[in-house]
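Undergrad: Got a structure here, written out as structure tokens. Questions coming.
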Amino acid sequence: MARKAAYRKKRQNKTGMLLVTMVVIMMLIVVSVKSVELREKRAAYMERVQALTEQIEGEQARAEAIEEYEKYTQTKRYVEEIAKNKLGLVYEGEIIFKDEN
């Protein structure tokens with residue numbers, strides 16, 4: 001009878017170890033799958049960060065250009081250009097030559 005009990009106990013130990021091994025393998029598979037998904041998400045987020053960084057740099061350059069244009073519009077040279085080109089004004093005594101075409 002002692003042999004049967006020892007055999008049964010040995011068999012239960014093997015079954016328990018098999019179940020524990022299966023659970024560990026399943027957990028390893030789940031962790032591996034989630035790890036791959038997280039790496040893909042991270043790559044997508046890094047691409048988005050890069051795109052947004054480039055967009056920020058472009059907008060900063062545009063803001064600088066607008067500031068320079070604003071300074072230019074406040075100069076006497078700009079006022080003269082607008083007066084000549086759009087309004088057709090000239091200085092007193094200035095001679096204008098036009099094509100006959």
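The values are calculated or read from the model by the stated rules, or taken from the named source; none is laboratory data. What you see is a predicted model, and the numbers here were worked out from it, not measured in a lab. Positions of Cβ are backbone-derived with ideal geometry, glycine not excepted, and every protein chain shown enters the neighbour counts. Calculation scope for accessible area: heavy atoms of the full protein, side chains included, ligands and nucleic acids excluded. Shrake-Rupley method; radii C 1.70, N 1.55, O 1.52, S 1.80 Å.
Undergrad: Only sites in a loop by DSSP and with at most 16 other Cβ atoms within 10 Å count here; which trypsin sites (Lys or Arg not before Pro) in the range 58-88 make the cut?
TA: Sparse-neighbourhood loop trypsin sites (Lys or Arg not before Pro): Lys86.
Undergrad: Here's another thing I want to ask about it. Sticking with the crude label model, points 7 Å out along Cα→Cβ, report the distance from Arg42 to Ile82 in nm, one decimal please.
TA: 5.5 nm
Undergrad: Could you check how much of the accessible area of the chain is carbon and sulfur, as a whole percent, using a 1.4 Å probe?
TA: Carbon-and-sulfur percentage of accessible area, whole number: 60.
Undergrad: Looking at the range 36-98, how many pairs of lysines come closer than 27 Å at the Cα, when each pair is eight or more places apart or spans two chains?
TA: For the range 36-98, the number of qualifying lysine pairs is 7.
Undergrad: For a quick check of your reading of the filter: which GluC sites (Glu not before Pro) in the chain sit in a DSSP loop and have no more than 13 other Cβ atoms within 10 Å?
TA: Of the GluC sites (Glu not before Pro), the ones in loops of the chain whose Cβ has at most 13 other Cβ atoms within 10 Å are Glu92, Glu94, Glu100.
Undergrad: Debye calculation, C-alpha points only, no solvent: report log10 I(q)/I(0) for the chain at q = 0.17, 0.20, 0.25 Å⁻¹, in the same order as the q values.
TA: Listed by q, the Debye log ratios stand at -0.96, -1.06, -1.20.
Undergrad: Shifting gears a bit: From the C-alpha coordinates alone, can you work out the Kirkwood hydrodynamic radius of the range 39-96, in Å?
TA: The Cα-based Kirkwood calculation yields 15.2 Å.
Undergrad: Same structure, new question: Could you tally the net charge around Glu94, taking each other residue with its Cβ under 15 Å from the Cβ of Glu94, Lys/Arg +1 and Asp/Glu -1?
TA: Here the count lands on -1.
Undergrad: How far is helix 76-85 tilted, in degrees, relative to the longest principal axis of the Cα atoms in the chain, given as a value from 0 to 90 rounded to the nearest 10?
TA: 70 degrees
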